[in-house]
1. Can you compute the FRET efficiency between Ile166 and Asp143 using 1/(1 + (r/R0)^6), with r the Cβ-Cβ distance and R0 = 22 Å? Round to the nearest 0.05.
2. Ratio of Rg to Rh for the stretch 78-183, alpha carbon only, Kirkwood?
3. Residues of the stretch 133-157 with the amide nitrogen closer than 16 Å to a label point 7 Å from the Cα of Met58, along Cα-to-Cβ, please.
4. Taking 2.2 N^0.38 Å as the expected size of a compact globular protein, what ratio does the Cα radius of gyration of the stretch 124-183 give against it, to two decimals?
5. Given a Förster distance of 35 angstrom, what is the FRET efficiency for Lys66 paired with Asp89, based on the Cβ-Cβ distance and rounded to 0.05?
6. In the neighborhood of Ser69, defined by Cβ-to-Cβ distances under 12 Å, what is the net charge if each Lys or Arg adds +1 and each Asp or Glu adds -1?
7. Projecting each Cα onto the charge dipole of the stretch 91-171 (Lys/Arg +1, Asp/Glu -1 at the beta carbon, about the Cα centre), which of Asn101, Thr155, Val165 comes out farthest on the positive side?
8. For a quick protection proxy, order the peptides 76-82, 51-57 by their average other-Cβ count within 10 Å, most packed first.
Amino acid sequence: MKKIIPLLLLVIALGYSIFQLTEKKQEEKKVSKNDSYITSIQKMGVQVGQQAPDIELMTLDQKKVKLSSYKGKKVILNYWATWCPPCQDEIPVLEKFYQKNKSDIVILGVADFIGEKKDLNFVNNFVKKNNMHYQILLDEKGDNFRKYGVISIPTTFFINPSGEVIYKQIGPLTEKQLNQFLK
């Protein structure tokens, strides 16, 4: 009996090690699939090095504005929605960056107006509640999301003063990424 207990402990330890190794490999596959998914999404729509397509959007006070009216300025074009948790997490980072750099940069937050059931008051209240002072624009029909190939939000394009897309981010932005754009 005394010889069986150490042998039993050894078998249990070996089984646990095999279980842990299998779990780790499955987790690596999940991460790899996610990376592949992000990579495939990155290849869709507007790409780095291309001229940013001109788009016309509606402001919160229902005026039309074109992206081309910002030519000559550095522009951050951020596609987002009120119902998107990663978008909500990104708002304070964008707002802080905007407050520090508003003389050097334009931030355009393009809201998914279709997903908001075209409720302008809801979007206005969300913007006020979240202290968003950068320009918020509405994609009334989803045409501009499609034009840029946005299928996952948040998605952000950094556009240089000559209108070229120089960076594309799928997922929330970090303060580091924003600061890189100023250089």
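1. Values: r = 24 Å, r/R0 = 1.08.
Approximately 0.40, to the nearest 0.05.
2. 0.94
3. 136-145
4. 1.27
5. Efficiency at R0 = 35 Å is approximately 0.75.
6. So the environment of Ser69 carries a net charge of +3.
7. With unit charges placed on the Cβ atoms, the residue in question is Asn101.
8. Highest to lowest by the protection proxy: 76-82, 51-57.
Values quoted throughout were computed directly from the atomic coordinates according to the rules given, and no laboratory measurement underlies them. From a predicted model like this one, the values you see are computed outputs, not experimental measurements. Glycine gets a Cβ as well: all are built from the backbone with ideal geometry, and neighbour counts include every protein chain shown.
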